[in-house]
Amino acid sequence: MTQSLSFVHPTADSPWGTYLMQVDRVVPYLGHLARWVETLKHPKRMLIVDVPIEMDDGRVAHFEGFRVQHNLSRGPGKGGVRFHPDVTLEEVMALAAWMSVKNAAVNLPFGGAKGGIRCDPKLLSNKELERMTRRYTSEIGIIIGPQRDIPAPDVNTNPQIMAWMMDTYSMNTGSTATGVVTGKPVDLGGSLGRVKATGRGVFVTGREAARRLNLDLNGARVAVQGFGNVGAAAAELFNQAGGKVVAAQDHTGSIFNGHGFDMADLMAHVKSAGGVGGFKGGEAMKAEEFWDVDCDILIPAALEGQITAERARRIKAKLVLEGANGPTVPSADDILAERGVLVVPDVICNAGGVTVSYFEWVQDFSSFFWTEDEINVRLDKIMIGALKRIWDTADRHTITLRTATFAVACERILTARAERGLYP
Ligand code: NAD
């Protein structure tokens, strides 16, 4: 008798609830593998750690840290680490599960994992951030490793934080282990092209989807929520392809310019001001007005649960590119599908980052590094090939791209599960 998990209480719109619904929707397409589907609803391993650190003023603060390994049937765990005040075990479980699906969707030899610390990094000094990162790494050190589970950047984490994680793990194990994390600085075994890889994948999958919709990127109006690593890189690439970025929103504000922003000016403003708020090259608007903006392409690239059923009815875009993980709740997904809005789901759309993380891991093992051109050519080829296979599956069964991505990915995960068999 399979039991549901006692310690999470998912709702229809919560991250784990959203993921469970997505799994339920794929069951009819799994054939004999449906026997194993409960595997996908039961994360393999979850670690909650206390992260005590000494603050600069001498106080001792405690933070809650997590690392979840959702499924390791196809290889070591792989997935980012998030520093955010809203991080919970339930959120990290969903993010880890989406990593299992994403890694299988692009056929990388990885399982899915994710980690996080419940904290507001903006309130920490650089030294406090370093101490917190190092203590967290040490605490999760019992389950991570180059062949076991390989963290990477996510919201509010970056190459510097990956360098601290790599150093801490290496100090604890007694030898330099560059392959324990990806998204490192290039001079510490990082890969060229990694920083912009997720945004690039959003662009490449978006370009393919636009072609199928007969939507010309030249002059296409783009709205981007979240102007960090993913959103800003994707916005720049659409701008370079002739698109106009007409709206942007982040935690500092929401801005609009019907003629398109001057991207160089906007990037410089974000760098100096810490966000899009206050940018003079556009008008400020209320946060909720962002969802009413007249645009062709909408890129949610911030956090989960942003496209609710109510917002889905108002969205004007023809194409939604999910740069963020889990931005659309299931009821909103249905409304977008009914309204004929094409959604390229997170589990393929934002897979560019983990694909170049895979390249980084391979380069670290072989100690032989590729050029940025080689990285980008290989990335584009993998993303386009994976999307084509997903699209063929969607056409064959007349299902959404999300369910088709789950169908391709879950077949791979559960085939590995069935072939390995149950131990003992
Ligand atoms: P980031 O920290 O670089 O940027 C996050 C952005 O979201 C910032 O611009 C921030 O201001 C904005 N934001 C935060 N709260 C917001 C709110 N309430 N409303 C509007 N905007 C808000 O993070 P990132 O790495 O760009 O990650 C963004 C999303 O992409 C996340 O869902 C993450 O899981 C996903 N993702 C990231 C990667 C990667 O390689 N970094 C890979 C795949 C998916």
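The values are calculated or read from the model by the stated rules, or taken from the named source; none is laboratory data. The structure presented is a predicted model; accordingly, all values stated were derived computationally and were not measured. Neighbour counts are summed over all protein chains in view; Cβ atoms, including those assigned to glycine, are modelled from backbone coordinates with ideal geometry. Quick note on the areas: whole protein, heavy atoms, side chains included, nothing else; ligands and nucleic acids left out. Shrake-Rupley method; radii C 1.70, N 1.55, O 1.52, S 1.80 Å.
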**Complete:** Total charge of the residues flanking Tyr29 in space, meaning their Cβ is under 15 Å from its Cβ, with Lys and Arg +1 and Asp and Glu -1, is +2
**Complete:** The answer for the chain, accessible area per residue at 1.4 Å probe in Å², is 41
**Item:** Cα lying deepest toward the dipole's positive end in the chain, options Trp36, Asn257, Gly17, charges on Cβ
**Value:** Trp36
**Prompt:** So which helices of the chain fit the span-like rule, where a helix is a whole DSSP H run, its Cα atoms reach 18 Å or more along the axis, and its mean Kyte-Doolittle is at least -0.5?
**Reply:** 89-105, 159-173, 197-213, 352-366, 401-420
**Request:** Specify whether the C-alpha gyration tensor of the chain places it in the rounded, prolate or oblate class, a ≥ b ≥ c being the square roots of the eigenvalues: rounded for a/c under 1.5, otherwise prolate if a/b is larger than b/c and oblate if not.
**Result:** rounded
**Message:** Given the DSSP H assignment, sum -39500 (n - 2.57) over each helix run of at least 4 residues in the chain and divide by its residue total; what's the result at 222 nm in deg cm²/dmol, nearest 500?
**Reply:** -13500 deg cm²/dmol
**Asked** Roughly how many percent of the accessible protein surface of the range 1-137 is carbon and sulfur, given a 1.4 Å probe and a whole-percent answer?
**Response** 52
**Asked** Over the range 289-366, what percent of the accessible surface lies on carbon and sulfur atoms, probe 1.4 Å?
**Response** 50
**Complete:** Most fluctuating of Leu213, Leu266, Leu379 in the GNM of the chain (C-alpha, under 10 Å) is Leu213
**Asked** Can you tell which of Val347, Met285, Gly201 lies farthest toward the positive end of the dipole of the range 197-349, using +1 and -1 charges on the Cβ of basic and acidic side chains (Lys, Arg; Asp, Glu)?
**Response** Gly201
**Message:** Among Gly228, Gly243, Gly31, which one shows the highest mean-square fluctuation when the chain is modelled as a Gaussian network with alpha-carbon springs under 10 Å?
**Reply:** Gly31
**Message:** Using a Gaussian network model on the chain with a 10 Å cutoff between Cα atoms, which of Ala210, Ala235, Ala301 fluctuates the most?
**Reply:** Ala210
**Prompt:** With +1 on each Lys and Arg Cβ and -1 on each Asp and Glu Cβ, how big is the dipole of the range 197-349 about its Cα centre, in debye rounded to the nearest 20?
**Reply:** 280
**Message:** How large is the accessible surface of Thr400 in square angstrom, using a 1.4 angstrom probe and rounding to the nearest 10?
**Reply:** 70
**Prompt:** With charges only on Cβ, +1 for K and R and -1 for D and E, what is the dipole size of the range 275-333 about its Cα centre, in debye, rounded to 20?
**Reply:** 80
**Message:** Rounded, prolate or oblate for the range 67-184? Axes are the square roots of the Cα gyration tensor eigenvalues, ordered a ≥ b ≥ c, and the cut-off for rounded is a/c under 1.5.
**Reply:** oblate
**Request:** Classify the range 328-424 as rounded, prolate or oblate from the Cα gyration tensor: take a ≥ b ≥ c as the square roots of its eigenvalues, call it rounded if a/c is under 1.5, otherwise prolate when a/b beats b/c and oblate if not.
**Result:** oblate
**Request:** Give, rounded to the nearest 20 debye, the magnitude of the charge dipole that the chain has about its Cα centre when Lys and Arg contribute +1 at Cβ and Asp and Glu contribute -1 at Cβ.
**Result:** 1000
**Considering only the range 43-175, percent of DSSP beta bridges that pair antiparallel, nearest 5** = 65
